[in-house]
Amino acid sequence: MGMMDYKIEKHKYFNKDNICVEDKNFVLKHLIAEDREYYFDLYEENSVLKDMKDFHGFMEWNWNLILQEDSIYVSVFRKVPYQYVGNIVLRNLKSKTPEIGIDICKKYKRQGIASYVLPMFTNKISEIQEIEYFFVRIYSDNYPSICLFKKLGAVEFGNEPSEYRIFLNELKEKYDDDTYKEIIENPLESEAIADERCIRQYKLYV
């Protein structure tokens, strides 16, 4: 399926005002150009890659990629006062088990926002398409997220290497040792972080 097909397919998730779902407290809207800096700041807060050289160049590349991939990115705004508080992503839109993820800005964490807006979102998606379950991937040391999804009923069923470990392995295969050390400023520390973490896999039923 081509890029244009994805763009057409994504329209069904949003109304004419780019809204996916809302209530009196929150509005979940399509990630658009006006939200770009919000999204960049949020990604930098949560990314293990933020110390990488040319991180902002990577983010520019990532921004262009997310506009094309088989996914929707949803900006989460609190209504009163009107504030950007986070982002939800849904990947593999054609699947009956699409992957879901959420990031909340640090200053709004531990306020119950994620546990409030996730059911809003998953219920809405289930009205739009047939869902068997939502696939969730969480870093093994991300205890708040693990607790959040377990609270929502998620069931663990497997694990996989972290994206950071895969990223480092790809760099090591592509470059010689000296270039690798230039790209990764603290390679020993980065390798240790990569080896300490895996990604746990969960099924979230609606």
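The values are calculated or read from the model by the stated rules, or taken from the named source; none is laboratory data. What you see is a predicted model, and the numbers here were worked out from it, not measured in a lab. FYI the Cβ positions are ideal-geometry reconstructions off the backbone, even for glycines, and counts take in every protein chain you see. Surface accessibility is based on the protein's heavy atoms, side chains included, excluding ligands, DNA and RNA. Shrake-Rupley method; radii C 1.70, N 1.55, O 1.52, S 1.80 Å.
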* **Scope region 156-192; condition touching a residue at least 40 places away in the same chain (Cβ under 8 Å) and touching a Phe, Trp or Tyr at 6+ places or on another chain (Cβ under 6 Å); matching residues** => GLU156
* Starting from residues that are open to solvent by 50 Å² or more (accessible area, probe 1.4 Å) and in a loop (DSSP other than H, G, I, E, B), keep the ones in region 153-206 and report whichever is nearest to SER126 (Cα to Cα). => VAL206
* Structure fact -> Scanning region 125-176 for residues that are touching a strand residue (DSSP E or B) at 6+ places or on another chain (Cβ under 7 Å) and of a type in the set (A, V, I, L, M) gives ILE125, VAL136, ILE138, ILE146, LEU152, ALA154, VAL155
* Asked: What number of residues within region 69-107 satisfy the criterion of being among the hydrophobic types (A, V, I, L, M, F, W, C), over 15 Å from the mean Cα position of the chain (by Cα) and assigned to a strand (DSSP E or B)?
  -> 1
* To do: Looking only at region 46-61, decide whether some residue is under 24 Å from ILE193 (Cβ atoms), in a helix (DSSP H, G or I), at pLDDT 90 or above and under 16 Å from the mean Cα position of the chain (by Cα).
  => no
* Asked: Can you find even one residue in region 101-109 that is without any contact (Cβ under 8 Å) to a residue 40 or more places away in the chain, hydroxyl-bearing (Ser, Thr, Tyr), under 26 Å from ASN15 (Cβ atoms) and open to solvent by less than 30 Å² (accessible area, probe 1.4 Å)?
  -> yes
* To do: For region 122-152, enumerate the residues that are part of a loop (DSSP other than H, G, I, E, B) and more than 15 Å from the chain's Cα centre (by Cα).
  => GLN129, GLU130, ILE131, GLU132, TYR133, SER140, ASP141, LEU152
* Asked: What tally of residues in region 67-84 results from selecting those that are without any contact (Cβ under 8 Å) to a residue 40 or more places away in the chain, touching a strand residue (DSSP E or B) at 6+ places or on another chain (Cβ under 8 Å) and either under 18 Å from PHE26 (Cα atoms) or surrounded by fewer than 14 Cβ atoms within 10 Å (Cβ to Cβ) (or both)?
  -> 1
